[in-house]
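The structure appears right after this line, and notes come after that.
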Amino acid sequence: MPTWVQLVYLACAVCFILALKGLSGPRTARAGNLVGAAAAVVAVIVPFIYLDLDHVPLILAAIAVGTAGGVVGARRVQMTQMPQMVALFNGVGGGAAALVALLELHEMTPHVDDVSWFTLAATAFTIAVGSISFAGSIITFAKLQELMTSRPVIFPGLRYVFPIAVAAAVVLGVRVVIDPTMWVGIVLALLGLLVGVLLVLPVGGADVPIVISLLNAFTGLTVAAGGYVLSNVVLLVAGTLVGASGTYLTMLMAKAMGRSVANIMFGALKGGSTLGGGEASDRPVRSAGPEDVAILLGYADRVIIVPGYGLAVAQAQHTLRELVDVLIARGTQVDYAIHPVAGRMPGHMNVLLAEAQVPYEQLIEMDEINGEFKHTDVVLVVGANDVVNPAAKTTPGAPIYGMPILNADEAQQIVFMKRSMRPGFAGIENELLFDPKTTLLFGDAKDSLGKLLNAVKAL
Amino acid sequence: MDEAVVWLTIFILSVFVGIEVISKVSSTLHTPLMSGANAIHGIILLGAVLVTGATDNDVALVVGLVAIVLAAVNMVGGFVVTDRMLQMFVRKKPKPAAAPTDGGSAA
């Protein structure tokens with residue numbers, strides 16, 4: 001490898017570090033992403049210059065096909081479907097890494113004696129974990145896209161089948177190191193697919209974002225191992241960065257939900273299901289019409305909006321923003337309280353509201369706004385549930401116990417906009433719904449907000 | 001020094017760098033950060049190009065091309081979707097006309 005190539009690769013590796021650094025601050029995030037993209041493009045172009053590659057037209061065609069697919073997918077996807085899109089992109093990356101490792105294994109088999117055991121181990125790792133990441137991400141995608149149930153899927157033998165599949169994969173991995181043949185590699189890949197499926201099936205819908213993040217870290221590590229096999233420093237550094245930061249990010253997210261990663265991944269296996277009953281309750285609640293709620297809001301001095309995924313599903317962000325604009329024009333102080341896991345992924349709600357042109361300054365994070373609920377006249381909860389469920393503080397057995405919540409229960413009045421009495425994503429009943437201070441406004445969020453908007457305008 | 005140890009050194013240092021650079025991220029940016037990191041591991045495209053460009057076996061060529069397509073989807077799609085998310089975070093100054101949101105999302 002010529003020196004200039006190594007220097008370019010070094011520069012690319014540095015750019016990836018800067019990209020991650022940039023992505024972790026709001027002001028630098030977009031630039032960080034662009035730096036990463038530029039480095040990736042440069043790194044891919046380099047081998048066409050210094051190597052005499054075969055099949056160049058076919059390779060370029062394949063890159064064009066993938067690029068077109070990626071761009072179209074990325075531009076068409078609705079903001080609400082962002083999590084599953086990330087899962088899908090992650091999955092195909094893992095699949096690509098596994099295929100690359102299989103090809104490397106194929107290259108090595110004729111002259112195995114020259115290959116170190118460490119290289120073979122890295123190859124086996126990439127094949128297995130890349131396949132896990134691929135299959136796991138596809139299941140995650142199916143769960144979020146609601147192609148299959150988002151509830152945990154558990155079958156009686158799962159707690160035995162899963163460890164056996166993992167153990168078999170480890171044995172086959174060792175076999176690749178001792179006696180590398182193509183068929184062992186292929187069986188290892190298939191077994192990896194099985195482990196990936198079994199890993200994600202028992203995870204409940206609410207925890208799926210954590211799984212995406214974890215699988216993202218897995219793919220990073222496979223790319224790093226692939227980089228070692230190919231003796232390519234860019235792959236090694238980029239993959240390791242993603243693996244390390246992805247693992248750390250997974251832990252941060254789990255902490256924001258008051259859970260441990262192990263509990264999320266294996267909670268359902270141990271029998272303590274991650275979900276509760278999910279039955280609609282028939283206990284009495286107080287419901288009201290849009291006009292009543294309009295009066296509550298219209299004459300309040302301080303209103304806090306708690307938006308949730310239901311808002312986004314109903315595509316009601318724009319109507320909500322109009323309502324808030326009208327209230328602000330009436331002299332009411334209105335803010336949005338953003339729970340770290342509102343939406344389907346941490347930060348997802350900010351993206352959705354920003355899309356509806358809600359000013360960034362009105363979005364207040366949980367820690368900052370939690371003290372304000374005491375002085376708030378009305379809290380309007382739109383399509384959210386678990387993030388204001390006091391069970392997180394009061395009921396030690398509840399699946400969400402320990403998760404930090406928004407203190408909506410401290411406000412003078414609480415208004416819930418809900419489709420029905422069905423519990424939230426975590427599947428547990430919300431005591432706040434039955435609180436005497438609470439009023440419910442039933443109906444589709446967009447529809448109800450429209451009526452509410454007209455009623456407030458008419459005041 | 002054994003070459004494997006050099007690689008191991010790079011690996012371990014990268015682990016620390018990876019954790020350190022994102023340790024102060026606010027929860028607002030978790031999703032774009034995850035998406036951006038996701039795009040970065042699309043660099044496996046480089047690996048796919050290297051192995052595909054060196055093979056002389058037809059089956060391997062096909063598998064390699066499939067890997068290239070998948071990796072390109074990961075890399076390009078990942079960066080584009082991250083950028084789309086981050087456009088939303090750009091602080092809207094008193095801007096009157098300039099609306100950079102792309103049409104596809106204005107449902």
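What follows draws every value from the coordinates through simple rules; no lab data is involved. Computed from a prediction, not measured in an experiment: that's the story for all the values here. Neighbour counts are summed over all protein chains in view; Cβ atoms, including those assigned to glycine, are modelled from backbone coordinates with ideal geometry.
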**Q.** Loop trypsin sites (Lys or Arg not before Pro), the stretch A:1-109, which have at most 12 other Cβ atoms in a 10 Å radius of their Cβ (DSSP)
**A.** A:Arg27
Q.
Using each residue's phi in the stretch B:9-14, evaluate 6.51 cos²θ - 1.76 cosθ + 1.60 at θ = phi - 60° and report the 3J(HN,Hα) Karplus result to the nearest Hz, with x for Gly and Pro.
A. 4, 4, 4, 5, 5, 5
Q. What is the set of long-range amide H partners of A:Glu365 at a cut-off below 5 Å, with H atoms built 1.01 Å from backbone N?
A. A:Ile338
Q) If a helix is a whole DSSP H run, which ones in chain A reach 15 Å or further along their own axis (Cα) and hold a mean Kyte-Doolittle hydropathy of at least 0.5? A) A:3-23, A:29-50, A:56-76, A:82-108, A:117-144, A:158-178, A:182-200, A:208-229, A:233-256, A:317-329
Q: Under 1.5 on a/c is rounded, so check that first for the stretch A:290-457, then, if it is not, pick prolate when a/b is larger than b/c and oblate when it is not; a ≥ b ≥ c are the square roots of the alpha carbon gyration tensor eigenvalues.
A: rounded
**Q.** Spacing of the two label points (7 Å from each Cα toward its C-beta) at A:Phe118 and A:Ala31, in nm
**A.** 3.8
**Q.** Dipole of the protein assembly as shown, positive direction: furthest Cα of A:Ala40, A:Gly289, B:Val81, with charges on the beta-carbon
**A.** A:Gly289
Q: Please tell me which of these pairs span more than 21 angstrom C-alpha to C-alpha: A:Lys255/B:Lys24; A:Lys255/A:Lys437; A:Lys418/A:Lys451; A:Lys418/A:Lys446; A:Lys255/A:Lys418?
A: A:Lys255/A:Lys437; A:Lys255/A:Lys418
Q | Cβ-based exposure ranking for A:Ile154, A:Ile132, B:Ile40, in which fewest neighbours within 10 Å come first | A | A:Ile154, A:Ile132, B:Ile40
Q | Whole-Hz ³J(HN,Hα) from phi, Karplus 6.51 cos²θ - 1.76 cosθ + 1.60, for the stretch B:28-33, glycine and proline x | A | 4, 9, 4, 5, x, 5
Q. Can you list the residues, at least 5 places off or on another chain, whose amide H is less than 5 Å from the amide H of A:Thr439, using H built in the peptide plane?
A. A:Ile414, A:Val415, A:Phe416
Q: Starting from the amide H of A:Ile305, placed 1.01 Å from N in the peptide plane, find each other amide H under 5 Å away whose residue is 5 or more places distant or on another chain.
A: A:Asp335, A:Tyr336, A:Ala337, A:Leu380
(Q) For the pair A:Glu365/A:Gln81, report the inter-label distance in nm, with labels modelled 7 Å from Cα in the Cβ direction. (A) 3.1
Q.
Full-extension gain between A:Val171 and A:Met148, please, as 0.36 nm times their residue separation minus the C-alpha to C-alpha distance.
A. 5.1 nm
(Q) Suppose every Lys and Arg Cβ carries +1 and every Asp and Glu Cβ carries -1, with no other charges. What dipole size does the protein assembly as shown come out with about its Cα centre, to the nearest 20 debye? (A) 1200
